[in-house]
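See structure below.
Derivation of every value follows stated rules applied to the coordinates shown; laboratory data play no part. On a predicted model such as this, the values are computed, not experimentally measured, just so you know. Virtual Cβ from ideal backbone geometry, glycine too; neighbours counted across all protein chains shown.
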């Protein structure tokens with residue numbers, strides 16, 4: 001286990017995995033936070049805008065923006081899982097293989 | 001009868017002041033009067049109970065080891081776990097409460113739905129795979145991974161038990177009230193039935209039975225809510241615009257229901273609420289525990305993906321159902337009457353109807369809508385589903401509480417890791433029975449109390465104590481036992497104190513004229529305090545133990561990233 005651990009730490013692929021996966025995870029987290037707190041700040045400061053009807057109907061901009069926030073959460077998780085379960089897990093498998 | 005409706009009306013009117021916690025509340029609050037016996041609902045609920053007890057019997061025969069008991073042997077698939085997480089998370093509060101909020105206030109309900117969902121992507125990106133790779137049965141396994149076991153496990157167990165207890169009280173009281181309203185059964189019986197069933201599921205069937213109860217409930221709730229939303233949209237040619245237009249015509253607030261109202265007023269409250277919802281979700285022990293039921297990090301990620309999809313879809317449904325409720329409940333029928341509103345109030349107002357006139361309170365909006373779109377049989381089905389929803393949530397909570405006692409306090413703190421697996425499971429089962437009995441008594445004791453703030457308190461504690469130590473233990477090399485313990489306790493205590501001094505408890509519950517702290521949600525302050533505490537007491541910790549803990553980070557880091565040495569699924 002100790003020797004394995006050292007081999008993993010020294011493996012450039014491990015550094016590559018960490019760098020790529022962390023950057024990806026944090027980027028997506030920041031996107032989610034910006035979308036969500038953007039929405040909340042609009043609720044706090046931009047009531048006027050959220051309450052403006054789209055075109056001549058009664059549906060206001062707030063509805064598609066709220067729905068977009070919900071849908072974006074799902075899409076962002078999908079994007080992450082796709083890359084993590086594919087590219088990153090393959091890299092991870094190679095690292096574990098090479099550490100034996 | 002009159003007093004119930006006035007109280008519900010008052011609750012709806014006070015919603016602006018009481019929120020955020022009101023939206024997190026148990027389904028029904030205030031006094032409730034027993035309704036006439038609803039046989040359809042009781043029969044359908046009985047079928048659900050029999051089916052889940054059958055599953056418990058099946059699960060009991062497969063539950064032998066501690067891993068089976070706590071983590072269903074690690075053999076749940078990502079898709080199943082996604083459904084179970086959704087089943088664990090979609091409480092009666094989010095179904096009846098948010099639909100009721102949309103019915104009463106329109107657009108504002110969506111703000112809460114969004115807040116309840118956005119914690120999930122963050123859990124996935126930052127926590128899920130590390131948690132799965134490092135932990136075994138409880139989140140304390142992860143939080144204490146490289147630290148002194150006794151102080152961290154004690155803190156994590158206290159955080160878990162506090163979260164679970166407040167959540168459970170709200171659920172028990174909600175269940176009792178709901179059953180009176182829906183089934184026409186006594187409050188006392190309702191609370192006892194819930195307590196006995198949750199003991200049965202958890203003691204005999206452990207995590208496997210709990211998981212399947214949650215999966216079945218999620219499927220029932222999602223299909224029932226889908227049916228309602230489709231029936232509502234079908235009346236408007238599947239045009240949301242047409243639905244909204246009709247709603248603005250019949251709702252007393254007219255076009256205002258399409259605009260953000262007074263629910264979120266100042267930015268501090270808004271951000272504080274956002275943080276508590278987001279980070280609270282990532283600190284709920286019964287939710288975190290679900291990640292140990294899958295085989296590996298890959299399945300853990302899939303779980304969150306499916307869970308986010310199901311939960312997000314569910315919130316879109318409740319939004320539609322809420323608007324459907326406006327149209328269906330506030331429009332007169334062919335004879336000009338309003339069958340779902342209190343006739344005396346409608347008459348007194350000269351036919352000018354408002355949402356607050358609804359029979360049984362605004363939380364009944366979704367249930368009445370079920371009756372309006374699907375008749376009495378479907379009404380019975382949705383009532384039964386609402387009750388099943390509570391059962392699934394309390395089962396998960398009970399298991400999380402029992403694990404905190406048996407796995408963290410008994411096996412690690414008390415027996416110093418020398419307890420046998422059999423003893424640990426026995427302690428867990430005894431604790432389950434105790435938690436069940438205590439919940440029944442608490443349910444009875446709090447019958448006439450306003451318990452709405454307790455779910456808010458549970459989220460605040462989860463966000464301020466559990467989440468910071470969990471996150472920092474995984475991400476910050478320099479955290480030490482001292483930092484974690486000081487920061488964690490600071491977060492836990494400040495969350496409770498600030499909430500008690502705030503408007504919800506100090507003014508509304510304790511009846512003082514003015515709150516000491518103007519903010520409903522302490523999240524922004526208590527979460528910050530926890531993180532600052534962890535940071536400050538870690539960097540000033542120069543002990544030898546602290547250096548060893550920092551050195552142990554690399555090994556933990558490798559395991560958390562690659563899964564090397566992580567718990568696998570059991571053989572069967």
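Under Stokes-Einstein, with the Kirkwood radius over Cα pairs standing in for Rh, what whole-number D in µm²/s applies to the range A:2-98 at 37 °C and 0.692 mPa s?
Answer, rounded: 201 µm²/s.
Measuring from centroid to centroid over Cα atoms, what is the spacing of the range B:99-145 and the range B:532-572 in Å?
About 23 Å separates the Cα centre of the range B:99-145 from the one of the range B:532-572.
Can you put B:340, B:291, B:475 in order of Cβ neighbours within 10 angstrom, beginning with the fewest?
Ordered by Cβ neighbours within 10 Å, fewest first: B:475, B:340, B:291.
Could you order the peptides B:157-170, B:485-498 from most to least packed, using the average number of other C-beta atoms within 10 Å per residue?
B:157-170, B:485-498
Translational diffusion coefficient of the range B:281-421 at 4 °C, 1.567 mPa s, Stokes-Einstein with Kirkwood Rh over Cα pairs, in µm²/s as a whole number.
Value of D from the Cα-based Kirkwood radius: 68 µm²/s.
Which order do the peptides B:355-362, B:409-416, A:14-21 take when ranked by the mean count of other beta-carbon atoms within 10 Å per residue, highest first?
Those peptides, ordered most packed to least, come out B:355-362, B:409-416, A:14-21.
Within 10 Å, count the other beta carbons around each residue, average over each peptide in B:368-374, A:7-13, B:122-128, and list them highest first.
B:122-128, B:368-374, A:7-13
Round to the nearest 10 and give me the degree value, 0 to 90, for the angle of helix B:78-89's Cα axis relative to the longest principal axis of chain B.
60
With axes computed from alpha carbons, what is the tilt in degrees of helix B:39-62 against the longest principal axis of chain B, rounded to the nearest 10 within 0 to 90?
That helix lies at roughly 10 degrees to the long axis.
Averaging over every viewing direction, what projected area does the convex hull of the Cα atoms of the range B:205-280 cover, in nm²?
The Cα convex hull of the range B:205-280, projected and averaged over all directions, gives 8.2 nm².
Identify which of A:55, A:38, A:78 has the largest mean-square fluctuation in a Gaussian network model of chain A, with springs joining Cα atoms closer than 10 Å.
Between A:55, A:38, A:78, it is A:55 that shows the largest mean-square fluctuation.
Could you state the angle between the C-alpha long axis of helix B:240-250 and the longest principal axis of the C-alpha atoms of chain B, as a value from 0 to 90 degrees rounded to the nearest 10?
That helix lies at roughly 60 degrees to the long axis.
On alpha-carbon atoms, Rg over Rh for the range B:281-343 using Kirkwood Rh?
My calculation puts Rg/Rh at 1.33.
What is the mean number of Cβ atoms from other protein chains located within 10 Å of the Cβ atom of each residue in peptide B:289-298, rounded to a whole number?
1
Would you list B:299, B:40, B:129, B:249 from fewest to most Cβ contacts within 10 Å?
With the sparsest Cβ surroundings first, the list reads B:249, B:40, B:299, B:129.
Work out the P(r) tail for the range B:95-232: percent of alpha carbon pairs separated by more than 23 Å, whole number.
Percent of Cα pairs beyond 23 Å in the range B:95-232: 57.
Whole percent per 5 Å bin, from 0 to the bin with the longest distance: what is P(r) over all C-alpha pairs of the range B:475-572?
2, 13, 15, 13, 12, 12, 10, 8, 7, 5, 2, 0, 0
Within a 10 angstrom radius of the beta carbon, how do B:505, A:67 rank from fewest other beta carbons to most?
A:67, B:505
Volume per residue, Å³, of the convex hull around the alpha-carbon atoms of the range B:364-466?
Normalising the Cα hull of the range B:364-466 by residue number yields 144 Å³.
Would you mind giving the average projected area, over all directions, of the Cα convex hull of the range B:137-185 in nm² with one decimal?
Projected area, direction-averaged: 4.2 nm².
What is the average number of partner chain Cβ atoms found within 10 Å of a Cβ in A:35-47?
6
Let me check against my output: what whole-number percent is the relative contact order of chain B, with C-alpha pairs under 8 Å and at least 6 apart?
30
Just need log10 I(q)/I(0) for the range B:202-330 at q = 0.11, 0.12, 0.16, 0.23 Å⁻¹, Debye formula, equal scatterers on the alpha-carbon atoms, no solvent, rounded to two decimals.
Taking Cα atoms of the range B:202-330 as identical point scatterers yields -0.61, -0.71, -1.02, -1.29.
Remind me, what semi-axes does the range B:2-448 give for its equivalent ellipsoid, largest first in whole Å, using sqrt of 5 times each Cα gyration tensor eigenvalue?
After diagonalising the Cα gyration tensor, the semi-axes are 38, 23, 20 Å.
Once the cut-off is 15 Å, how many percent of the Cα-Cα pairs in the range B:41-97 end up in the long-distance tail?
Tail of the P(r) past 15 Å holds 68 percent of the pairs.
State, as an integer percentage, the relative contact order of the range A:1-80 based on alpha-carbon contacts under 8 Å between residues 6 or more apart.
25
Okay, helix-only estimate at 222 nm for chain B: each DSSP H run of n ≥ 4 adds -39500 (n - 2.57), divide by all residues, round to 500 deg cm²/dmol; what do you get?
-22000 deg cm²/dmol
Enter the mean number of other protein chain beta carbons within 10 Å of the beta carbon of each residue in B:306-314, as an integer.
4
Find the eigenvalues of the gyration tensor of the Cα atoms of the protein assembly as shown, then list the square roots of 5 times those eigenvalues as equivalent ellipsoid semi-axes, largest first, in whole angstrom.
Semi-axis lengths for the protein assembly as shown are 41, 27, 24 Å.
What per residue convex hull volume, in Å³, do the alpha-carbon atoms of the range B:106-187 yield?
Enclosed volume per residue, from the Cα hull, is 149 Å³.
Seen from all sides and averaged, what is the projected area of the convex hull of the Cα atoms in the range A:1-56, in nm²?
Answer in nm², one decimal: 6.6.
Express in whole angstrom the spacing between the alpha-carbon centres of the range B:195-231 and the range B:381-436.
17
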